[in-house]
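K.L.:
One structure follows; several queries about it will come next.
The values are calculated or read from the model by the stated rules, or taken from the named source; none is laboratory data. Note that the coordinates shown come from a computational prediction; the quantities given were computed from them, not determined experimentally. Here the Cβ positions follow ideal geometry from the backbone for every residue, glycine too, while neighbour counts run over all protein chains shown.
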Amino acid sequence: MIYNFLTGDLIIKSLIVLLALFNFNLSAHKLHMYPDAPLKIITIGHPTLTMIAGEIPYEEISSEETQELIDKMIVTMKKAGGVGLAAPQVNVSKRLFVMKPSWFKKAEAIINPVVEYIDGAGTKSSTEGCLSIPGKQFKVERYKELNLSYYTREGEFMSEHATGFRAIVAQHEYDHLNGILIANFFFPNFVPMPISKDVPLM
Ligand SMILES: [Zn+2]
């Protein structure tokens, strides 16, 4: 049956208008711009966040484009108050993330990472926020330890055993490269509360 908007009844007309407004509203919230941040952060509902990002060819790591993207991602992460930011979150579907899980270390770029989780070390509960899901926090289960291999922004290959908060941030960002948001897998554990100050944003 085709609904005739001109002759149809008022309640259905109102519903259609409301739905249209709601839709408009949703699309209007897919970008989040922080003051002075060079890049916009896309939020849940944007298709790029659900895609498996592509590897960066080795010869492109040193390119001006990649280096500039890394610089801008680091500034955007800091301006947004985050400890990690993955390229898909700024609408670039590449296997790259930046992170600064420690006050004492410089922000670093992790390129084409491979993560190997260490089952034997067990898991722990982690309360996390995501810059792409503004204002929400989630309780998720994370591996305590993992092996992380990647290229640095200088093109150096690194392989490390990550533990503690570094391992948590790496897992959160690595998930972004595979189209996984904390809301996707762990919906039953969703904590519908405004984000608190001590919950890290990634
Ligand atoms: Zn995130």
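K.L.:
Under 7 Å by Cβ, and 6 or more places apart or on different chains, what pairs join a residue from segment 56-79 that is touching a residue at least 60 places away in the same chain (Cβ under 8 Å) and farther than 16 Å from Asn91 by Cβ with one that is part of a loop (DSSP other than H, G, I, E, B) and among the basic types (Lys, Arg)?
P.N.:
Sorted first by the residue in segment 56-79, then by its partner, the pairs are Ile61/Arg153; Gln67/Arg153.
K.L.:
From the residues in segment 159-186 that are surrounded by fewer than 19 Cβ atoms within 10 Å (Cβ to Cβ) and of a type in the set (Ser, Thr, Tyr), which one is farthest from the ligand (Cβ to nearest atom)?
P.N.:
For segment 159-186, the residue satisfying everything is Ser159.
K.L.:
Under the condition of being touching a helix residue (DSSP H, G or I) at 6+ places or on another chain (Cβ under 7 Å) and within 11 Å of the ligand (Cβ to nearest atom), which residue from segment 129-139 is farthest from Lys40 (Cα to Cα)?
P.N.:
Restricting attention to segment 129-139, the residues satisfying the condition of being touching a helix residue (DSSP H, G or I) at 6+ places or on another chain (Cβ under 7 Å) are 130-133, 138-139.
So of that shortlist, the ones also within 11 Å of the ligand (Cβ to nearest atom) come out as 130-133, 138.
On the way: Cys130: 14, Leu131: 11, Ser132: 10, Ile133: 13, Phe138: 23 Å.
By that ranking, first place goes to Phe138.
K.L.:
Still on this structure, I have one more. List the pairs whose first member sits in segment 87-115 and is under 14 Å from His176 (Cβ atoms) and outside any strand (DSSP E or B), whose second member is modelled with pLDDT of 95 or more and among the polar types (S, T, N, Q), and whose Cβ atoms are under 6 Å apart, counting only residues at least 6 apart or on separate chains?
P.N.:
That search, which allows pairs on different chains as well, returns Pro88/Thr48; Gln89/Ser132; Asn91/Thr48; Ser93/Thr48; Arg95/Asn112.
K.L.:
For segment 69-91, give me the residue count where each residue is surrounded by fewer than 18 Cβ atoms within 10 Å (Cβ to Cβ) and within 16 Å of the ligand (Cβ to nearest atom).
P.N.:
Within segment 69-91, residues that are surrounded by fewer than 18 Cβ atoms within 10 Å (Cβ to Cβ) and within 16 Å of the ligand (Cβ to nearest atom) number 4.
K.L.:
Output the residue which, of all residues in segment 45-68 that are more than 15 Å from the chain's Cα centre (by Cα) and assigned to a helix (DSSP H, G or I), is surrounded by the most Cβ atoms within 10 Å (Cβ to Cβ).
P.N.:
Our first condition is that a residue be more than 15 Å from the chain's Cα centre (by Cα); within segment 45-68, this holds for 54-68.
Next, only the ones that are assigned to a helix (DSSP H, G or I) stay: 58-60, 64-68.
Values: Tyr58: 12, Glu59: 8, Glu60: 12, Glu64: 7, Glu65: 8, Thr66: 20, Gln67: 14, Glu68: 11.
Step by step, filter segment 45-68, then rank; the result is Thr66.
K.L.:
When the residues of segment 93-104 are narrowed to those that are surrounded by fewer than 17 Cβ atoms within 10 Å (Cβ to Cβ) and of a type outside the set (S, T, N, Q), which ends up nearest to the ligand (Cβ to nearest atom)?
P.N.:
Among them, the one singled out is Trp103.
K.L.:
Are any residues in segment 127-158 loosely packed, with under 15 Cβ neighbours inside 10 Å, of a type in the set (Phe, Trp, Tyr) and touching a residue at least 40 places away in the same chain (Cβ under 8 Å), and if so, which ones?
P.N.:
Selection gives nothing.
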